[in-house]
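Novice: Submitted below is the structure of interest, expressed as structure tokens.
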Amino acid sequence: MKVLVIGAGFAGCCAALLLRESLSADVSVLERAKVPGGMLRTLHTAEGVPYEYGPRVVSVFRGTPDLLPFLRRYLDLQERDIYQGTRLRPDYPVVPFPVDLESLKRLPCGATVERELAAIRERGEPPGERDLRDYLESSVGPTLTELAFEGFNRKFWGRRLEEMPAAWGKLRRLERIAATGAYRLPSEASHYYPAGGFNPLFDRMLDGIDVRYGVTVERIDADVRGASVLTDAGTFRADLVVTTAPIDALLGHRHGPLEWRGYRVEIDLVAPRPSRRSGRARRHSVRVASTRRGRRRPSAARPTSA
Ligand SMILES: Cc1cc2nc3c(=O)[nH]c(=O)nc-3n(C[C@H](O)[C@H](O)[C@H](O)COP(=O)(O)OP(=O)(O)OC[C@H]3O[C@@H](n4cnc5c(N)ncnc54)[C@H](O)[C@@H]3O)c2cc1C
């Protein structure tokens with residue numbers, strides 16, 4: 001069976017590897033970038049110091065015990081103690097993440113958060129079911145809802161909290177927060193970082209697999225004989241196509257509006273030279289164009305400064 005996998009990010013590499021191992025499929029991967037990894041990629045500063053573009057560590061949570069042996073086939077994972085900090089507002093001090101109640105108390109809004117959590121505890125009622133806002137406000141109070149969830153949710157899903165079902169909150173078992181006093185429950189997760197960074201993962205997973213770099217897929221068409229994948233480097237045919245790139249755009253939105261939006265993320269790597277005006281090094285400029293319900297809404301590209 002001839003299989004085309006679109007995208008050589010983590011999902012595409014896993015699909016290619018598993019299809020080849022379990023079905024002995026003849027797999028080719030089409031990747032528009034010059035390197036694999038997608039959003040999970042170790043970059044280096046001019047001085048050769050590694051840093052992550054995307055996720056920084058491998059964390060093994062409840063329900064993912066098979067992750068570690070799988071990754072250890074390809075990476076020398078070393079257990080690390082990690083500290084993560086976050087600012088709930090740009091003008092607030094950094095607090096540990098997951099946030100504990102003691103740190104929250106020291107924030108300008110600390111007394112309000114405490115009061116709201118105490119009121120929830122006292123009421124002792126199950127969380128609201130109307131929508132995600134109702135669920136969150138009745139689980140962690142309006143202040144934490146605004147600080148920790150409102151903007152994050154908008155960025156991730158392009159939706160307001162009242163446009164999403166309460167079930168999204170239940171996934172995180174937030175109703176326990178008022179009882180335990182922690183904004184996000186500390187997990188028992190162990191954390192690992194691979195010696196040499198993440199990049200070898202992809203080279204090793206793709207070892208022996210036909211990968212075409214610098215090929216951008218533009219459309220997928222299907223007929224009784226299989227699928228045609230139209231790219232800027234010609235048309236490829238396959239019995240099966242697995243895409244890890246935004247499927248709504250690749251299918252020309254011909255199946256109607258999708259429930260959730262797709263992303264098109266374009267990354268420009270800017271040389272880490274100090275900018276003349278600020279004297280600070282410039283980082284990535286990232287363009288995000290979202291497609292929601294079949295409509296495309298590109299947002300302006302804005303360079304970010306370090
Ligand atoms: C800053 C940051 C922090 C993150 N932190 C975490 C975290 O802590 N935990 C966590 O679980 N996840 C985290 N993520 C998310 C995680 O990195 C991604 O979910 C994961 O890497 C996605 O893998 P993927 O293969 O699905 O997609 P991608 O990595 O986006 O891979 C898709 C690939 O397809 C290619 N492609 C796209 N369109 C086309 C096309 N038309 N033709 C050909 N090729 C195409 C792209 O070039 C890319 O290589 C983070 C991401 C970022 C950016």
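Novice: For segment 99-180, just list the percent of Cα-Cα distances falling in each 10 Å bin from zero outward, please.
Specialist: Result returned by the calculation: 19, 53, 27, 1.
Novice: Given +1 on the Cβ of Lys and Arg, -1 on the Cβ of Asp and Glu, and no further charges, what dipole in debye does segment 99-180 carry about its Cα centre, rounded to the nearest 20?
Specialist: With Lys and Arg at +1 and Asp and Glu at -1, about 240 debye.
Novice: As an exercise, identify the chymotrypsin sites (Phe, Trp or Tyr not before Pro) in segment 1-108 lying in DSSP coil whose Cβ has no more than 12 other Cβ atoms within 10 Å.
Specialist: Taking segment 1-108 and a limit of 12 other Cβ atoms within 10 Å, the loop chymotrypsin sites (Phe, Trp or Tyr not before Pro) found are 61, 83.
Novice: Cross-link list 2/170; 105/170; 2/34: which exceed 32 angstrom alpha carbon to alpha carbon?
Specialist: 2/170, as the Cα separations exceed 32 Å there.
Novice: Moving on to the next point. For segment 29-102, report the % of Cα-Cα distances exceeding 19 Å.
Specialist: That tail contains 59 percent of the Cα-Cα pairs.
Novice: Give me the extension gain from residue 125 to residue 203: residue separation times 0.36 nm, minus the current Cα-Cα distance, reported in nm with one decimal.
Specialist: 22.9 nm is the gain from fully extending residue 125 to residue 203.
Novice: Stretched out fully, how many nm does the piece from residue 239 to residue 70 gain, at 0.36 nm a residue minus the Cα gap?
Specialist: Using 0.36 nm per residue and subtracting the Cα-Cα distance, I get 58.1 nm.
Novice: In whole Hz and in residue order, list the ³J(HN,Hα) couplings for segment 207-219 that follow from phi through the Karplus curve 6.51 cos²θ - 1.76 cosθ + 1.60, θ = phi - 60°; x for Gly and Pro.
Specialist: Here the 3J(HN,Hα) series is 4, x, 9, 6, 10, 9, 8, x, 10, 9, 7, 9, 7 Hz.
Novice: Continuing with this model, one more query. For segment 125-172, rounded, prolate or oblate, judged on the Cα gyration tensor with a ≥ b ≥ c (square roots of eigenvalues), a/c < 1.5 rounded, else prolate if a/b > b/c?
Specialist: Oblate shape, in that a/c is at least 1.5 and b/c is the bigger or equal ratio.
None of the figures in this text is laboratory data; all of them are computed from the coordinates on show. All of these numbers come straight from a predicted model, not from anything done at the bench. Note: ideal-geometry Cβ built from the backbone for every residue, glycine included; neighbour counts use all protein chains shown.
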